[in-house]
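Note sheet for the following structure.
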Amino acid sequence: MLNPILSFSATRRMRSFKTLLVVLAYILVLLGTALLLMGRLFSAGVSIAALRSGVTCYQVLMILQFALIILIAPAMTSGAIAGERERQTLELLLVTNTRSFRIIWGKAMESFAVLALLIVCGLPVMCLPLIAGAVTLPQILEGELFLLVIAFAAVSVGILSSTLARSTVGSSVLSYLILLGIGFLTSLPLLVDPSEELTKLVYDANRLAHLTTSEALAMISPVLFLNPGYALISLLQGQTGFLTSTLEYRNYGRILYEFTLMNRAGGETVALISCGVLLVLSLLLITLAALALRRNGLKPAKKTKAS
């Protein structure tokens with residue numbers, strides 16, 4: 001049976017002219033970026049550099065969509081629960097037979113559906129690099145699935161923030177703070193001096209060449225699998241050799257030691273593991289939001305003083 005919260009919220013969202021404008025703006029940004037990067041392919045003479053622009057275009061489009069999802073998701077989910085509290089309609093939901101988890105799940109899937117719509121609408125633009133033979137269709141679909149996982153993870157953070165916050169503005173601020181906190185804390189292993197064993201391994205070409213995938217995965221800091229940015233770079237490295245030129249430079253700093261291990265383990269393998277970890281974390285956050293809904297649901301929203 002269709003979730004009634006999802007059905008009502010999705011109908012209201014899709015009937016809004018604002019949703020159409022968001023989708024149109026999203027597509028235009030992607031299309032403008034793609035044409036700017038691949039414009040040389042449509043000139044009279046096509047060079048090797050012009051063909052290489054197809055790879056660059058795919059990489060930039062993936063990074064751009066990743067950034068847009070992180071920026072858009074908190075704005076879309078900020079009013080999921082906090083907005084109901086401000087409109088004083090949350091109590092009506094809580095006194096019905098609808099369970100807390102079903103309310104939270106319906107709100108989460110409604111916001112996720114909009115982000116999924118954006119990603120799917122951007123698929124034709126993502127296929128433009130196929131003209132230059134830069135990537136394959138399976139790689140593009142793999143990238144789209146990765147973006148869907150990131151969208152779901154961002155929505156779960158927004159839903160939890162909306163449940164905890166008393167207002168829509170507070171929910172948005174809390175969402176961005178949590179996302180920034182996750183990004184910073186999970187990046188700490190990249191800023192810590194590597195062990196002496198890892199330093200010797202990275203500079204020993206023979207040992208590094210004989211390092212197996214499982215051994216490289218075991219040496220990667222587990223915290224990094226929670227970092228969406230690290231997962232994105234891993235995916236792009238596995239698909240297009242995003243960091244190849246950088247990793248071949250011998251005098252790099254300590255920040256790229258972990259990326260060297262990622263390269264040995266296989267970028268797409270690391271990205272797949274990271275996606276699994278992020279999905280589990282997302283489900284955990286949604287469960288926490290459902291548990292917090294009943295406890296915080298009947299608390300009134302903050303009222304502004306009348307002028």
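Just a few scattered comments:
- Among the residues making up region 110-129, those that are in contact (Cβ under 8 Å) with a residue 12 or more places away in the chain and surrounded by fewer than 19 Cβ atoms within 10 Å (Cβ to Cβ) are 113, 116, 117, 120, 121, 123, 127.
- Checking the stated criteria, residue 108 turns out not to satisfy the condition of being hydrophobic (A, V, I, L, M, F, W, C), within 20 Å of residue 69 (Cα to Cα) and part of a loop (DSSP other than H, G, I, E, B).
- Applying a threshold of 6 Å to beta carbon distances and a minimum spacing of six or more residues, or different chains, the list of pairs starting in region 263-290 at a residue that is at negative phi and charged (D, E, K, R) and ending at one that is crowded, with 20+ Cβ neighbours inside 10 Å and in a helix (DSSP H, G or I) reads 264/216; 268/238.
- Residue 31 meets each of the listed conditions (1) at pLDDT 85 or above; (2) under 30 Å from residue 104 (Cα atoms) apart from (2).
The values are calculated or read from the model by the stated rules, or taken from the named source; none is laboratory data. Keep in mind that what you see is a predicted model, and the values were worked out from it rather than measured. FYI the Cβ positions are ideal-geometry reconstructions off the backbone, even for glycines, and counts take in every protein chain you see.
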